[in-house]
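S.K.: Here's a structure for you.
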């Protein structure tokens, strides 16, 4: 019961924060709504017994990535930007397509039936094996190749960023 | 159910009491210790004398308290609270007011994962002396410390002041830079004790190396300890890493703050200092462990034994944790009043080009040594 209430709170609050995030014209406010969104997402991870993922969600997304966004936002004049009426010529077409996609999604969700997905990671397994250990075992056995490929892609991106930023090394 | 909640609330209150008191006393220590280091008298005036004949005998008792400046924090507080609640012209009023709140909040929340004692058995219950027993304790603390950046960034952006803004940019980049080193140094500790749970890490430090040396983090990770302490010092943004604040010139991200809001920034700084001391104690100096103290009492390596009751053991553990934390607070304060300030490029060089590679090498060497020990 309490779990449902918590889920309801986190889900509704995350949705509200997400909508507020995309609808603010002041970028700084949008970033703060995004922070609230990340924290509520972490709450949903906690309800799924994924403490480690929840802590990483806050540490990486809210603590590092969003701070980088804030850096960029800080260097802009947010108030001047908020005054500019941002309306692109293709906005009508884009909103039409988005509306159709949204309608399709609503129809599919309303028609479909949902069965809970049962994965290998149950609450009992997590409790006996440990939260971090479970993630580590999955990463270094089943998903070793995607994990290594992802790290390689990140390395490439990093090297590329440094090359672009520093012409003379 | 309700009694569990009550126990948790009680633990949280105890932790809050510890932190608030140590942080509050810091404002007095900062005044008086800096005075002693710089050969001054320091605060020795704040106080009052009783005129009423019945209370006049209290005056000689009050005199040493006044000379020690012990009433100065109260005077400071009264001054801060009585000031005008002001927000800068052309600034963002709400964000300006919420910045110190965010900063102080995230400084406090991390303490919930710090264990200040082992399990206490009372009335058939096992109470782990830690507010929140988290499987991922130290990741949680680092996440909360990382969120502290928001308070700084908000204060800089919302102040409508270029100096505050530059201070915020400097502070945010400094905190991000040193967080990397901070995280990398703790990996070594996690590898040695095999857990992210701070209570488990502290328990692991109760073992003995070669039968006599406590297996504290500082003995198995000496390099990690030094790197961690330095990086953590940079995280508190105090001298020698005080470029974002510039306390002596008051040109930093809190330039446009006064009164209680400024007081909150100041308090959060002291709370961060306590946090650094508590983390260093927990990770590298045995947390609540007292050398040779076991659950049944002292067992010395030369064979002598002193039996201590359960409550006695828990009391010694909590007091030992507190003494270590206070000692590190004193060390941080001494460093703050002894060293000069870094230049900004030196600061970034130290963080990225010296400390980060060394801490990464530390991880590799730790891994190799652990492999060797397991192979033998």
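For (1) more than 11 Å from chain A (Cβ to nearest Cβ); (2) buried (at least 23 other Cβ atoms within 10 Å of the Cβ); (3) assigned to a strand (DSSP E or B); (4) free of Cβ contacts under 8 Å to residues at least 12 places away in the same chain, each residue gets a yes or a no:
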| position | (1), (2), (3), (4) |
| --- | --- |
| B:121 | yes, no, yes, no |
| B:127 | yes, no, yes, no |
| B:140 | no, yes, no, no |
| B:145 | no, yes, no, no |
| B:157 | no, yes, no, no |
| B:169 | no, no, no, no |
| B:184 | yes, no, no, no |
| B:188 | yes, yes, no, no |
| B:191 | yes, no, no, no |
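S.K.: Are any of the residues in segment A:43-57 surrounded by fewer than 19 Cβ atoms within 10 Å (Cβ to Cβ) and under 26 Å from residue B:90 (Cβ atoms)?
M.R.: Scanning segment A:43-57 turns up no residue that is surrounded by fewer than 19 Cβ atoms within 10 Å (Cβ to Cβ) and under 26 Å from residue B:90 (Cβ atoms).
S.K.: Look through segment A:1-10, keep the residues that are part of a helix (DSSP H, G or I) and surrounded by fewer than 18 Cβ atoms within 10 Å (Cβ to Cβ), and return whichever of them is farthest from the chain's Cα centre (by Cα).
M.R.: First pass over segment A:1-10, keeping only residues part of a helix (DSSP H, G or I): A:2-10.
Of the ones still in play, those that are also surrounded by fewer than 18 Cβ atoms within 10 Å (Cβ to Cβ) are A:2-9.
Numbers: A:2: 25, A:3: 22, A:4: 22, A:5: 22, A:6: 19, A:7: 17, A:8: 18, A:9: 18 Å.
The qualifying residue farthest from the chain's Cα centre (by Cα) is A:2.
S.K.: Confirm whether residue B:66 is over 20 Å from residue B:325 (Cβ atoms), in a strand (DSSP E or B) and more than 21 Å from the chain's Cα centre (by Cα). Please lay out each step first, then the result.
M.R.: Details: over 20 Å from residue B:325 (Cβ atoms): yes; in a strand (DSSP E or B): no; more than 21 Å from the chain's Cα centre (by Cα): yes.
In short, no.
S.K.: Further question: Could you go through segment B:236-244 and let me know if any residue there is touching a strand residue (DSSP E or B) at 6+ places or on another chain (Cβ under 7 Å) and modelled with pLDDT under 85.
M.R.: No, that holds for no residue.
S.K.: Specify the residue that is nearest to the other protein chains (Cβ to nearest Cβ); the eligible residues are those in segment A:18-48 that are farther than 27 Å from residue B:182 by Cα and in contact (Cβ under 8 Å) with a residue 24 or more places away in the chain.
M.R.: Out of the qualifying residues, it is A:28.
S.K.: I'd like the residue in segment B:216-241 that is over 22 Å from residue B:348 (Cβ atoms) and in contact (Cβ under 8 Å) with a residue 40 or more places away in the chain and, out of all such residues, is surrounded by the fewest Cβ atoms within 10 Å (Cβ to Cβ).
M.R.: Per the criteria, the residue is B:218.
S.K.: Going by the conditions given, is residue A:115 loosely packed, with under 10 Cβ neighbours inside 10 Å and either within 25 Å of the chain's Cα centre (by Cα) or within 19 Å of residue A:30 (Cβ to Cβ) (or both)? Show your work before the answer.
M.R.: On the way: loosely packed, with under 10 Cβ neighbours inside 10 Å: yes; either within 25 Å of the chain's Cα centre (by Cα) or within 19 Å of residue A:30 (Cβ to Cβ) (or both): yes.
Here the answer is yes, as residue A:115 does meet what is asked.
S.K.: (1) more than 26 Å from residue B:129 (Cα to Cα); (2) within 22 Å of the chain's Cα centre (by Cα); (3) surrounded by fewer than 19 Cβ atoms within 10 Å (Cβ to Cβ): which one isn't true of residue B:361, the others all being true?
M.R.: With respect to (1) more than 26 Å from residue B:129 (Cα to Cα); (2) within 22 Å of the chain's Cα centre (by Cα); (3) surrounded by fewer than 19 Cβ atoms within 10 Å (Cβ to Cβ), residue B:361 is out only on (2).
S.K.: Pick out, from segment A:121-166, the helices (runs of 4 or more DSSP H) lying fully within it that include 2 or more residues that are surrounded by 10 or more Cβ atoms within 10 Å (Cβ to Cβ) and within 22 Å of the chain's Cα centre (by Cα).
M.R.: So the answer is A:131-137, A:144-165.
S.K.: Another one. Residue B:323 fails exactly one of the following numbered conditions: (1) modelled with pLDDT of 90 or more; (2) surrounded by 13 or more Cβ atoms within 10 Å (Cβ to Cβ); (3) within 20 Å of the chain's Cα centre (by Cα). What is the number of that condition?
M.R.: It is condition (2) that residue B:323 fails.
S.K.: Out of B:110, B:117, B:69, B:137, report the one residue that is over 30 Å from residue B:257 (Cα atoms) and modelled with pLDDT of 85 or more.
M.R.: Working: B:110 fails: over 30 Å from residue B:257 (Cα atoms); B:69 fails: over 30 Å from residue B:257 (Cα atoms); B:137 fails: modelled with pLDDT of 85 or more.
Selected residue: B:117, the only one of B:110, B:117, B:69, B:137 that is over 30 Å from residue B:257 (Cα atoms) and modelled with pLDDT of 85 or more.
S.K.: How many of the residues making up segment A:105-139 are at pLDDT 85 or above, closer than 16 Å to residue A:53 by Cβ and more than 14 Å from chain B (Cβ to nearest Cβ)?
M.R.: 3
S.K.: Considering each residue of segment B:193-215, count those that are within 11 Å of chain A (Cβ to nearest Cβ) and crowded, with 24+ Cβ neighbours inside 10 Å, and give that number.
M.R.: Quick first cut of segment B:193-215, residues within 11 Å of chain A (Cβ to nearest Cβ) only: B:194-197, B:200.
Adding the requirement that they be crowded, with 24+ Cβ neighbours inside 10 Å leaves B:196-197.
Result for segment B:193-215: 2.
S.K.: Can we say residue B:61 is more than 30 Å from residue B:311 (Cβ to Cβ), in a helix (DSSP H, G or I), within 14 Å of another protein chain (Cβ to nearest Cβ) and modelled with pLDDT of 85 or more? Spell out the reasoning first.
M.R.: Details: more than 30 Å from residue B:311 (Cβ to Cβ): yes; in a helix (DSSP H, G or I): yes; within 14 Å of another protein chain (Cβ to nearest Cβ): no; modelled with pLDDT of 85 or more: yes.
No, not satisfied.
S.K.: May I ask you to verify whether residue A:56 is under 20 Å from residue A:45 (Cβ atoms) and under 23 Å from the mean Cα position of the chain (by Cα)? If you could, list the steps in order and put the result at the bottom.
M.R.: Values: under 20 Å from residue A:45 (Cβ atoms): yes; under 23 Å from the mean Cα position of the chain (by Cα): yes.
In short, yes.
S.K.: Restricting attention to segment B:247-265, report how many residues are more than 20 Å from the chain's Cα centre (by Cα) and surrounded by fewer than 21 Cβ atoms within 10 Å (Cβ to Cβ). Break it down stepwise before answering.
M.R.: Step one: filter segment B:247-265 for residues more than 20 Å from the chain's Cα centre (by Cα), giving B:248-261.
Pick out the ones that are also surrounded by fewer than 21 Cβ atoms within 10 Å (Cβ to Cβ) and you get B:248-251, B:258-260.
Within segment B:247-265, residues that are more than 20 Å from the chain's Cα centre (by Cα) and surrounded by fewer than 21 Cβ atoms within 10 Å (Cβ to Cβ) number 7.
S.K.: To continue, here is another question. When you check residue B:134 against the structure, is it surrounded by 24 or more Cβ atoms within 10 Å (Cβ to Cβ), assigned to a loop (DSSP other than H, G, I, E, B) and touching a residue at least 60 places away in the same chain (Cβ under 8 Å), yes or no? First the steps, then the outcome.
M.R.: Working: surrounded by 24 or more Cβ atoms within 10 Å (Cβ to Cβ): no; assigned to a loop (DSSP other than H, G, I, E, B): yes; touching a residue at least 60 places away in the same chain (Cβ under 8 Å): yes.
Considered against the rule, which asks whether it is surrounded by 24 or more Cβ atoms within 10 Å (Cβ to Cβ), assigned to a loop (DSSP other than H, G, I, E, B) and touching a residue at least 60 places away in the same chain (Cβ under 8 Å), residue B:134 comes out as no.
S.K.: Turning to a different aspect of this structure: How about segment B:282-320: which of its residues are modelled with pLDDT of 85 or more and surrounded by fewer than 13 Cβ atoms within 10 Å (Cβ to Cβ)?
M.R.: B:311, B:312
The values are calculated or read from the model by the stated rules, or taken from the named source; none is laboratory data. Everything quoted here is computed from the prediction, not taken from an experiment. Positions of Cβ are backbone-derived with ideal geometry, glycine not excepted, and every protein chain shown enters the neighbour counts.
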